[in-house]
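Data block below; observations after.
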Amino acid sequence: FRDRLILDEPRIESMLTSISDIIDLPDPIGQIIDLGKRPNGLHIKKMRTALGVIGIIYESRPNVTIEAACLCVKAGNTVILLGGSEAISSNQSLAGCLSVALERAKLPVQAIQLVETTDRAAVGSLLKLSTHIDLIIPRGGKSLVTRVAEEAQIPVIKHLDGNCHLYLDHGVDSDMALKLAINSKTNRYGTCNT
């Protein structure tokens with residue numbers, strides 16, 4: 001990845017940090033998260049497994065290409081990425097880097113796929129592929145999330161209105177809380193939580 005991008009760009013460094021953070025996460029696949037015994041004596045355990053093929057539809061933030069793809073692969077999933085037209089060239093470059101990384105890691109290059117069209121009709125088409133996609137996750141503004149929720153024929157994990165709550169305990173440093181609240185909404189004006 002580092003070989004193909006200029007490293008003096010802060011956002012690229014941020015993406016590289018995200019990749020490192022994801023690599024350092026424990027492998028979720030196969031973890032036993034609950035073990036119980038039924039009244040009839042049957043032992044039941046819940047084990048984490050991959051979801052399958054995840055479609056992620058997002059707007060103009062190329063870092064989503066990296067973060068979503070890496071998180072999906074880390075959790076044993078395949079991902080289909082559909083980014084906004086504003087960042088198609090960046091997304092194509094990043095997807096190319098990810099393909100090289102998958103190949104070097106001896107993983108299937110097809111595990112990360114980028115829809116390379118900027119035609120908005122692609123969103124509607126993707127939302128109907130229930131025999132090929134197991135889950136859709138929209139990342140972006142309210143209109144995108146609402147459209148996905150209304151049109152999808154696939155289960156959707158959604159958020160609305162960029163809700164990023166800040167809960168305050170009774171003993172909180174109110175000056176610090178105010179700084180956190182302002183930073184979370186004004187650090188970058190192009191994000192959906194602004």
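The values are calculated or read from the model by the stated rules, or taken from the named source; none is laboratory data. Keep in mind that what you see is a predicted model, and the values were worked out from it rather than measured. Counting neighbours? That spans all protein chains shown, and the Cβs are built from the backbone with ideal geometry, glycine included. Note: areas computed on protein heavy atoms with side chains; ligands, DNA, RNA excluded. Shrake-Rupley method; radii C 1.70, N 1.55, O 1.52, S 1.80 Å.
Under 16 Å of direct C-alpha separation, and excluding same-chain neighbours fewer than eight residues apart, Lys37 reaches these lysines: Lys45, Lys46.
Share of Cα-Cα pairs in segment 67-115 beyond 14 Å, in percent? The partial results should precede the final answer.
Values: 547 of 1176 pairs.
Cα-Cα pairs in segment 67-115 separated by more than 14 Å: 47 percent.
Among residues other than Ile88 with Cβ under 12 Å from its Cβ, the summed charge is -4 (Lys and Arg +1, Asp and Glu -1).
Pairs Lys74/Lys158; Lys142/Lys185; Lys74/Lys185: which exceed 27 Å Cα-Cα?
Values: Lys74/Lys158 21 Å; Lys142/Lys185 16 Å; Lys74/Lys185 29 Å.
Table pairs above 27 Å Cα-Cα are Lys74/Lys185.
Pop out the carbon and sulfur fraction of the accessible area of the chain as a percent, whole number, probe 1.4 Å. Walk me through the numbers on the way to the answer.
Details: 6670 of 12330 Å².
Carbon and sulfur together cover 54 percent of it.
Starting from the alpha-carbon convex hull of the chain, give the projected area averaged over all orientations, in nm².
On the way: hull surface 62.2 nm².
Projected over every direction and averaged, the Cα hull of the chain covers 15.6 nm².
Over the chain, accessible surface divided per residue gives 64 Å², non-protein components excluded, 1.4 Å probe.
Just for segment 1-157, what percent of DSSP beta bridges are antiparallel, to the closest 5? Intermediate results must be reported in sequence, preceding the final value.
On the way: 5 of 19 bridges.
Of all bridge pairs located within segment 1-157, approximately 25 percent are antiparallel.
Surface calculation, 1.4 Å probe, protein heavy atoms: Ser93 sits at approximately 60 Å² accessible. Treating each Cα of segment 85-175 as an identical point scatterer and summing with the Debye formula, the log10 of I(q)/I(0) at q = 0.14, 0.16, 0.17 Å⁻¹ comes to -0.71, -0.83, -0.90. Working note: 222 nm ellipticity from helices only, DSSP H runs with n ≥ 4, each -39,500 (n - 2.57), summed and divided by the residues of the chain, gives -12000 deg cm²/dmol to the nearest 500.
With a cap of 13 neighbouring Cβ atoms within 10 Å, and only residues DSSP puts in a loop, list the GluC sites (Glu not before Pro) found in segment 22-129. Show your work: numbers first, answer last.
Values: sites: Glu59, Glu67, Glu86, Glu103, Glu116; in loops: Glu59, Glu116.
When the GluC sites (Glu not before Pro) of segment 22-129 are filtered for loop state and at most 13 Cβ neighbours within 10 Å, Glu116 remain.
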